[in-house]
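Nothing in this text is a laboratory measurement; each read-out follows from the coordinates by a stated rule. As the structure is a prediction and not an experimental result, all values here were calculated from the model. Here the Cβ positions follow ideal geometry from the backbone for every residue, glycine too, while neighbour counts run over all protein chains shown.
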Amino acid sequence: MSDCRKNIRREPVTTCPPAPTESQPLLSVKGLRKYFPVKGGLLKRQIAAIQAVDDVSFEVRRGEVLGIVGESGCGKSTTARLLMRLIEPDAGQVIFDGKEVGMRDGMTVTDLRRHAQMVFQDSYSSLNPRLPVEDTIAFGPVVHGTARSKAKERARYLLNEVGLDPSRFGRRYPHELSGGQRQRINIARALALQPQMVFLDEAVSALDKSVEAQVLNLLLDLREEFNLTYVFISHDLNVVQYISDRVLVMYLGKVVEVGPIGDVYKEPAHPYTHALLSSRPSMDPEDRKKESPLSGDPPTPINPPSGCRFRTRCAFAEDVCARAVPALTPIRADGSWLAACHMIIPGSGHSRAAAINEATTGGTNG
Ligand SMILES: Nc1ncnc2c1ncn2[C@@H]1O[C@H](COP(=O)(O)OP(=O)(O)OP(=O)(O)O)[C@@H](O)[C@H]1O
Ligand code: SF4
Ligand SMILES: [Mg+2]
């Protein structure tokens, strides 16, 4: 992977291996948008909109772990909820395994929810407090027509798979378990319908560090065993680095960078990614004293800055950044690494961008 780094920006791309070997991604998201209405006045009319997710596009390949990172409120959970159709998108296409979700000739939402499951941060949220955990795991398959005895058998098998002895834990209630054990139950519940993809939204964030590591390793083992694909959402950049193959960075409802985890973490292309990574806690006490390069909060998503949404916090902002929205642009010509910044768009008008003719001949841009 590190050899490909030589190809960023100016190097010829011929030595980099072709990106995905499998032509059809498991999940393809195009132009996803969700604006939440803000109502006010006596008549409770819509007076503004929270631009939670705006024109988000990306792909997830079968078997990979895509990490999604970004500050609180940038739209990570809303993206996952839109993809699971827990909320309706305003615009955009979601294509799962080649079939467009919600289209007559595509995939129904019910089918989508068999193939994709979600695990949340709050380990209580998906568990019925009045049901023994074995019955909670069996519930989904029973609803989908599996005989009760078969569903229970699978529940016990899955309990074992997530490291909990079914004879000890199967008849316990959620309140009788620790947070880590409950999250293992949630993972077993998510796997009960044999999904292809699991969305993990801050799924380990509430756990102690040692338990978190165990659950992360469990997730990696289960991916191998059941051929799973994960979308792993977290504010913890170290955890995302540990588990992910690729990372997608969001800022104020937009994707600002997406690429292989090793490359993005080593040499981030977008100033926001750079600032985010630089602000993560360091193990070096000297480093910890340094001021974080990402100060203040992001602007409100009700009235985000024009052009590049990061421009109010970016040290490189120029006039063009306020005028035009930067498109996601390949850092590497095979399209495996993209970033949305005028500095990497040849001919954008940013003083650090390459001129158009330089770009075609391998000119500098940053
Ligand atoms: N149901 C809703 N109604 C109105 N606004 C919402 C709703 N859900 C989310 N939002 C807003 O949309 C924006 C994105 O929220 P979201 O929960 O997706 O962020 P996030 O990246 O998951 O943040 P966190 O890291 O804190 O979980 C925020 O401004 C949030 O307040
Ligand atoms: S487009 Fe402009 S403001 Fe946005 S990240 Fe790039 S340089 Fe900064
Ligand atoms: Mg969230």
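Angle between the Cα long axis of helix 133-143 and the longest principal axis of the chain, 0 to 90 degrees, nearest 10?
80
Please state, rounded to one decimal and in Å, the Kirkwood hydrodynamic radius that the chain gives when every pair of distinct Cα atoms enters the mean of 1/r.
Values: mean 1/r = 0.0451 Å⁻¹.
Evaluated on the chain, it is 22.2 Å.
Beyond 15 Å, how much of the Cα-Cα pair distribution for the range 78-169 remains, as a whole percent? Show your work: numbers first, answer last.
On the way: 2857 of 4186 pairs.
So the portion of pairs separated by more than 15 Å is 68 percent.
Would you mind calculating the gained length between LEU42 and SER278 on full extension (0.36 nm times residue separation, minus the Cα-Cα distance), in nm to one decimal?
Values: separation 236, 0.36 × 236 = 84.96 nm, distance 4.63 nm.
Here the segment from LEU42 to SER278 would lengthen by 80.3 nm.
Please list, in chain and number order, the residues 5+ apart from VAL256 or on another chain whose amide H is under 5 Å from its amide H, with Hs placed from the backbone.
Result for VAL256 returns VAL249, MET250, TYR251.
For every helix of n ≥ 4 consecutive DSSP H residues, a contribution of -39,500 (n - 2.57) applies; sum these over the chain, divide by its total residues, and give [θ] at 222 nm rounded to the nearest 500 deg cm²/dmol. Intermediate values should be presented prior to the final figure.
Working: 13 runs with 111 residues, N = 366.
Only helices count here, giving -8500 deg cm²/dmol.
Can you give me the Cα centroid spacing of the range 108-170 and the range 315-339 in angstrom?
The range 108-170 and the range 315-339 have Cα centres spaced 43 Å from each other.
What is the dipole size for the chain, taken about its Cα centre, with +1 at each Lys and Arg Cβ and -1 at each Asp and Glu Cβ, in debye to the nearest 20? Show your work: numbers first, answer last.
Details: 46 positive and 42 negative charges, 204 e Å.
The dipole magnitude comes to about 980 debye.
Which of PRO346, VAL249, GLY102 sits farthest toward the positive end of the charge dipole of the chain, with +1 on the Cβ of Lys and Arg and -1 on the Cβ of Asp and Glu?
Checked the options; the winner is GLY102.
Gaussian network model of the chain, Cα springs within a sub-10 Å range: biggest mean-square fluctuation belongs to which of LYS152, LYS209, LYS34?
Evaluated over the chain, the most mobile residue of the options is LYS209.
Which peptide among 109-117, 307-315, 172-180 comes first, and what is the full order, when sorted by highest mean count of other Cβ atoms within 10 Å?
Final packing ranking: 307-315, 109-117, 172-180.
Relative to the longest principal axis of the chain, what angle (0 to 90°, nearest 10) does the C-alpha long axis of helix 148-161 take?
For 148-161 against the chain, the angle is about 60 degrees.
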